[in-house]
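Okay, here's the structure, questions in a sec.
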Amino acid sequence: MIVMKFGGTSVQDAAAIDRTTKIVLERLDRSPVVVVSALARVTEALLGLARTARERSLDLALAVIEDLRERHLITARNLLETFMSPRLLEVEQEIHAQFADLENLVRSVATLGELTLRSQDAIASFGERLSSVIVTAALESRGVAAELVDSRAFIITDDNFSKAAPDLQETNNRARAVLGPLVSAGRVPVAQGFIGSTTGGVTTTIGRGGSDYSAALIGAALGAEAIEIWTDVDGLMTADPRAVPNAKRIRVISFAEASELSYFGAKVLHPSTVLPAVERGIPVHIYNTNNPGCEGTLIVAQPHPSRNLIKSIAFKRGVTIVNVTSTRMLLAYGFLRTIFEVFDRHKTSVDVVTTSEVSVSITLDNADQLEPITRDLSGIGEVSIERGKAIVCVVGDNLKFTPGVASRLFKAIAGTNVNMISQGASEINLTFVIDESDVESVARSLHDEFFLETDPDVFA
């Protein structure tokens, strides 16, 4: 049994969904469970719709709903009319019914002028709920014994709306109970990514990009032989090809390396995806829906050693540095705890931290709470802010214990000002912070230094 997750670009229109159904057909002998995202850009539109309703711009919100309704109806018709499917009328009725529910929610938000995270999750969930109806019907039109299932029946979470955390044991139990019999009966379940529910049945979402995580949760629960992530690129790359045109595809990479890359900017994979797979030793494949013949990238627990020291270079733009300086820090205990309690209080995560005798520098990629954070930190020491920065992360096997890595790296970018350096917390990455304007030139210089020759067993 395998789990196949198809991202938004893989189901963005009738042509894309048609390609997706053909890929599923080719894997019927492996008992697939299909997990789908919303049609491309629909989640963003729904979140924008929720904000519009909060501003009580009901006419504008209703216009957005009509545009989305028409897009889904056209997609369904273009798919199902080709096969003269008797399901078309039923699918159209279901689409209209879901949009009626969505409109009722939006009217309620507009009337109150208040948007709670609970209401936002309910609105955002319609993207996956609609796409899964269309994909299920498309598979049936090709003769697949597909069955639509509601992920909210088995992805059970807490009530931290918009970023809900799954209850792994309850999710495992319910996923086996709901999906197991369907797979055993030779049917192909079609589930929604990204969404779940509380034990009380209230709709939640597990964070942006959470469809990958949904697929991994299902795969772990059912003991899948593999989890396949279908997207619009050929796999993980040695660098972002938009910045480094000669970037190479990575054929095989470790779970730990892939997780670091995804956290520090590689958008192909959701950072949490690998966690359930790691625990069960399930390999994760990344494939391109537009190029299904490509072998993609395989993510495993322990790949064979690579002759290349570096696997990939990732970067994250839009970073802010917060510097806190105080002579009271000298030889004092509890000082760092006091600083981090501020970030905890404002629910803001940090990426890179460096310290000296009297100062701490911290990077943030979410500066929404910067003003209150700065205000609170000012009671601890002198605070300065540096905006327009970027984090560059170099990932590879055992970097921490390989002599000369830092020397080669910083020699390759000798003309670039480096604001912060972090190595040691992980054996597989070296991270530093630079001006955002230097990102692309730094990525190219590092790629030239470390990927002039590549191990053909690891890189394509």
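Taking region 330-376 on its own, how many of its residues are assigned to a loop (DSSP other than H, G, I, E, B), touching a Leu at 6+ places or on another chain (Cβ under 8 Å) and farther than 18 Å from LYS389 by Cβ?
Summing the residues that are assigned to a loop (DSSP other than H, G, I, E, B), touching a Leu at 6+ places or on another chain (Cβ under 8 Å) and farther than 18 Å from LYS389 by Cβ in region 330-376 gives 2.
So which of ASN417, ASN429 ends up being more than 29 Å from GLU295 (Cβ to Cβ), among the polar types (S, T, N, Q), touching a residue at least 12 places away in the same chain (Cβ under 8 Å) and in contact with a strand residue (DSSP E or B) (Cβ under 9 Å, 6 or more places away or on another chain)?
Step by step, each of ASN417, ASN429 is checked, and only ASN417 is more than 29 Å from GLU295 (Cβ to Cβ), among the polar types (S, T, N, Q), touching a residue at least 12 places away in the same chain (Cβ under 8 Å) and in contact with a strand residue (DSSP E or B) (Cβ under 9 Å, 6 or more places away or on another chain).
In region 220-254, which residues are out of contact with any Pro (no Cβ under 7 Å at 6 or more places or on another chain) and under 30 Å from PRO181 (Cα atoms)?
Across region 220-254, the qualifying residues are ALA221, LEU222, GLY223, ALA224, GLU225, ILE227, GLU228, ILE229, TRP230, THR231.
Further, regarding this structure: Looking at the structure I just gave you, is ALA153 touching a residue at least 24 places away in the same chain (Cβ under 8 Å), surrounded by 20 or more Cβ atoms within 10 Å (Cβ to Cβ) and either β-branched (Val, Ile, Thr) or over 23 Å from THR21 (Cβ atoms) (or both)?
no
Among the listed residues ALA258, ALA216, ALA224, ALA177, which satisfies the condition of being assigned to a helix (DSSP H, G or I), at pLDDT 95 or above and among the aliphatic types (A, V, I, L, M)?
Within the list ALA258, ALA216, ALA224, ALA177, the selection yields ALA177.
Further, regarding this structure: Looking only at region 17-54, how many residues end up being in contact (Cβ under 8 Å) with a residue 40 or more places away in the chain, β-branched (Val, Ile, Thr) and part of a helix (DSSP H, G or I)?
Residues flagged as in contact (Cβ under 8 Å) with a residue 40 or more places away in the chain, β-branched (Val, Ile, Thr) and part of a helix (DSSP H, G or I) within region 17-54 amount to 7.
Right, another one. Identify all residues within region 230-258 that are touching a His at 6+ places or on another chain (Cβ under 7 Å) and β-branched (Val, Ile, Thr); write none if there are none.
THR238, VAL244
Residue-wise test of (1) under 30 Å from GLY219 (Cα atoms); (2) crowded, with 18+ Cβ neighbours inside 10 Å; (3) modelled with pLDDT of 95 or more; (4) among the hydroxyl-bearing types (Ser, Thr, Tyr).
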position: ILE17; (1), (2), (3), (4): yes, yes, yes, no
position: GLU55; (1), (2), (3), (4): no, no, yes, no
position: THR75; (1), (2), (3), (4): yes, yes, yes, yes
position: VAL91; (1), (2), (3), (4): yes, yes, yes, no
position: ILE95; (1), (2), (3), (4): yes, yes, yes, no
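Now for a different question. Applying the selection to region 322-349, what residues are within 18 Å of ASP435 (Cα to Cα) and surrounded by fewer than 20 Cβ atoms within 10 Å (Cβ to Cβ)?
ASN323
Right, another one. The conditions are (1) small (Gly, Ala, Ser); (2) crowded, with 16+ Cβ neighbours inside 10 Å; (3) assigned to a helix (DSSP H, G or I), and GLY196 fails exactly one of them. Which is it?
It is condition (3) that GLY196 fails.
The values are calculated or read from the model by the stated rules, or taken from the named source; none is laboratory data. Values in this document were obtained by computation on a predicted structure and should not be read as measured data. Here the Cβ is made from the backbone with ideal geometry for all residues, glycine too, and neighbour counts use every protein chain on show.
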